[in-house]
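See structure below.
Computed from the coordinates by the stated procedures, all read-outs in this text should not be read as laboratory data. Being a predicted model, the structure only gives us computed values, none of them experimental. Cβ placement follows ideal geometry from the backbone for every residue including glycine, while neighbour counts extend to all protein chains displayed.
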Protein chains: 2
Amino acid sequence: MTSSARASHNQDGHTAPPSRPEAESVGHDVSSGDARAELAALLSGRRLTPVQRRLAQYVTEHHGQVAALGAGELAERTGVSQPSVTRFAQALGFEGYPGLRRWLRELRTDGPSTSQRHVAEGAPEVKRLQQAVADEVANLQYLEAQLMSEPTALSRAGTRLTGSPVLPIIGLRASAAIVEHVRFFAAKIHGGVRTVTHAGSMGADTLEQCASAGATAALVIALPRYPRETIELLRQARKRGLWVAAITDTVPGPVHRDADVALQAPVGDRLVFDSHAAAALMAGLLLDAMAEAGGTQAQRRLEAFERHASEQQAFWPH
Amino acid sequence: MTSSARASHNQDGHTAPPSRPEAESVGHDVSSGDARAELAALLSGRRLTPVQRRLAQYVTEHHGQVAALGAGELAERTGVSQPSVTRFAQALGFEGYPGLRRWLRELRTDGPSTSQRHVAEGAPEVKRLQQAVADEVANLQYLEAQLMSEPTALSRAGTRLTGSPVLPIIGLRASAAIVEHVRFFAAKIHGGVRTVTHAGSMGADTLEQCASAGATAALVIALPRYPRETIELLRQARKRGLWVAAITDTVPGPVHRDADVALQAPVGDRLVFDSHAAAALMAGLLLDAMAEAGGTQAQRRLEAFERHASEQQAFWPH
DNA sequence: GCATTCTTGCATGCTTCCATTCGCACCGTT
DNA sequence: AACGGTGCGAATGGAAGCATGCAAGAATGC
């Protein structure tokens with residue numbers, strides 16, 4: 001039974017084809033994008049448990065590497081048990097984990113070292129969108145560059161913002177969406193979040209109330225095209241002694257001069273409307289820094305929320 | 001208890017550095033472009049037998065895949081015996097074949113663009129953030145893959161949504177920020193935008209009113225962790241005959257089954273809170289498709305807004 | 001509210017894969 | 001021509017990896 005076989009093809013039937021209609025050998029090289037689509041097709045419409053979902057997500061995001069991983073290693077990286085990995089593969093229709101591994105290996109017959117080679121193909125319309133995506137990728141990488149050049153900016157902002165008993169978050173018009181995003185998450189680790197998303201005297205009043213209530217810091221979202229009121233609110237905050245962090249685009253402007261820390265998040269401008277992917281990520285990084293600065297207290301608050309949520313069975317399958 | 005206590009001379013727990021004198025401690029992590037050079041450096045100046053030379057050639061040409069291959073399979077593909085593969089790995093200075101495999105795996109830590117080189121340099125905290133950024137870059141590239149595999153999904157959604165006289169945009173909790181983003185911009189090219197960001201009867205009522213007012217399509221934002229109400233609203237919309245586009249994350253779930261078009265936007269989960277950069281970009285792409293579908297009418301509306309804005313000098317000059 | 005089903009991690013037996021030993025073939029040397 | 005050396009593949013023992021039974025906990029349905 002030992003391998004007297006140089007069997008060039010698997011006659012053992014291990015590579016059980018998934019429930020897809022045709023399982024022809026897709027030997028020709030597949031771009032990493034198609035691989036993900038293929039993978040998504042395999043997963044779609046399948047009933048998966050929460051742990052399996054986590055695995056599915058990891059596999060879709062790292063399908064190239066997973067092919068080189070053992071079941072135990074994959075389990076370790078995703079924080080699940082090794083049997084769960086086996087069951088995950090079986091749930092996808094494979095005989096076992098090795099079957100999934102082989103399938104992943106065949107998906108990427110050729111290593112996609114660089115992923116920007118298929119831009120030229122496709123319709124011009126698609127190409128325009130692809131360039132927009134490429135722009136946003138560059139914008140995200142600009143954030144990474146900031147992490148290197150100014151590694152303390154985020155943590156400083158996180159500490160200051162978390163330390164403020166009352167925390168006003170200011171952003172008008174298009175920036176209001178980011179404000180809403182930050183508000184939603186920041187409220188889980190900070191009890192005094194206030195938002196200012198409307199200009200005029202109402203916004204100024206809210207800010208004033210925050211300052212009177214003991215606020216020591218504020219966050220300003222100033223993405224283009226921000227109205228004068230944004231700057232006026234920023235200056236009002238400074239005048240009241242608030243330490244101000246700002247998320248703004250790269251163009252040097254009044255925000256850079258007036259804010260204590262300016263976090264740059266370039267906007268994508270290739271589409272009809274501005275795209276705020278980099279700002280969304282920067283907000284996420286800032287929230288992370290705030291949670292970090294909050295320490296155990298923030299942690300406890302967060303856990304309390306999780307408990308509350310699961311008690312209420314508020315979410316889908318989880 | 002795992003029997004790891006055994007100090008067999010195999011498992012060094014770390015990638016065994018080749019015995020080359022110049023071999024740096026740990027191959028610092030090399031972007032995949034340097035992988036071949038790194039590999040060549042490892043092979044150069046080493047005395048190899050003919051069979052090993054054949055193996056070396058195959059490994060250099062397919063280093064990406066070899067990391068996913070077992071010793072037996074590599075032997076089969078190169079037409080040599082399995083022990084020769086082991087000896088080859090040992091000749092290169094590794095403890096055995098698994099050592100070579102691990103080394104190859106590290107070579108291509110992860111392909112896409114991000115300069116992983118500096119990651120090892122900085123503090124672990126910075127590294128964590130950089131990986132989060134890298135994740136989001138991968139998520140954005142996943143959008144690009146979708147553009148290729150499903151080039152019509154966006155335009156179909158844009159046409160349907162723009163064509164609806166009244167356009168409800170649904171998204172609860174964390175997704176409400178994306179809803180706000182879309183609402184802000186969509187209002188510039190569409191006169192009937194409504195938003196549903198709160199669960200309960202109020203949301204259902206709003207949706208009902210939209211349907212009664214002639215809505216033919218709806219947009220649902222369903223990023224994790226979405227509550228049951230999101231699905232209920234989605235189904236209510238479908239029940240009323242609305243055509244539903246959804247922006248959701250990659251994991252297959254009820255949204256994929258119930259929506260007419262599911263636009264996948266993976267969320268970044270390396271930070272304390274989810275990051276929605278990909279969803280923000282997908283929203284931008286969708287808005288673009290809507291503007292495209294709106295044609296001259298949308299264009300006129302947009303221009304009218306621009307005129308209005310500049311007349312009022314509402315914005316800071318860029 | 002309780003029973004039932006489901007999910008997940010732990011422990012364990014089994015399978016696969018890998019390293020080693022041995023024998024044979026080839027080659028250069030005496 | 002004989003011999004020592006070397007390279008290679010076949011066979012085997014051992015180790016790592018993988019799959020399955022089992023129990024605890026959670027979710028769900030009645």
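Between the alpha-carbon centers of the range A:54-85 and the range B:133-152, tell me the distance in whole angstrom.
Centre-to-centre distance over Cα atoms comes out at 21 Å.
Would you tally the net charge around A:S201, using a Cβ to Cβ cut-off of less than 12 Å, leaving A:S201 out, and scoring K and R as +1, D and E as -1? Present the calculation step by step, with values, prior to reporting the outcome.
Working: positive: none; negative: A:D205, A:E208, A:E229, A:E232.
Local charge sum for A:S201: -4.
Would you mind counting up the charge near A:F273? Only other residues with Cβ under 10 Å from its Cβ, with Lys and Arg at +1 and Asp and Glu at -1.
Details: positive: B:K188; negative: A:D269, A:D274, B:D288.
For residues surrounding A:F273, the net value is -2.
What number do you get for the range B:131-206 when its Cα radius of gyration is normalised by 2.2 N^0.38 Å, N = residues?
1.33
According to a simple spin-label model (label point 7 Å from Cα along Cα-to-Cβ), what is the distance in nm between A:K239 and B:Q90?
In this crude label model, B:Q90 to A:K239 measures out at 8.0 nm.
Share of antiparallel DSSP beta bridges in the range B:126-256, in percent to the nearest 5?
Numbers: 0 of 12 bridges.
If I count the DSSP bridges inside the range B:126-256, around 0 percent turn out antiparallel.
How many nanometers, to one decimal and shortest first, lie between the label point of A:E95 and those of its other copies, if labels sit 7 Å from Cα toward Cβ?
3.0
How charged is the neighbourhood of B:R156? Take every other residue with its Cβ under 15 Å from the Cβ of B:R156, and add Lys/Arg as +1 and Asp/Glu as -1.
Values: positive: B:R160; negative: A:E125, B:E150, B:D260, B:D288, B:E292.
Result for the neighbourhood of B:R156: -4.
Pull up all non-local amide H partners of A:L167: gap of 5 or more, or a different chain, and H-to-H distance under 5 Å with H placed in the peptide plane.
So A:L167 has HN proximity to A:G192, A:V193, A:R194.
How many angstrom separate the Cα center of the range B:181-221 from the Cα center of the range A:202-262?
Cα centres, the range B:181-221 to the range A:202-262: 31 Å.
Hull surface divided by four, with the convex hull built on the Cα atoms of the range A:180-266: how many nm²?
On the way: hull surface 21.8 nm².
Hull-based average projected area comes out at 5.5 nm².
In the calculated pair distance distribution of the range A:64-103, what percentage of Cα-Cα distances lie above 16 Å?
Values: 182 of 780 pairs.
The proportion of pairs with Cα distances above 16 Å equals 23 percent.
Return the Rg/Rh ratio of the range A:124-312 with Cα-based radii and a Kirkwood Rh.
Rounded to two decimals, Rg over Rh is 0.99.
Rounding to the nearest 20 debye, state how big the charge dipole of the range A:32-107 is about its Cα centre with +1 on each Lys and Arg Cβ and -1 on each Asp and Glu Cβ.
Numbers: 10 positive and 7 negative charges, 47 e Å.
Roughly 220 debye for the range A:32-107.
Going by amide H atoms built from the backbone, whose H comes under 5 Å of the H on A:A265, apart from near neighbours?
The list, which skips near neighbours in sequence, is A:T248, A:D249, A:T250.
Would you pull out the residues with amide H under 5 Å of B:W243's amide H, same chain only if 5 or more places away, H placed 1.01 Å from N?
Those lying under 5 Å, H to H, from B:W243 are B:A217, B:A218.
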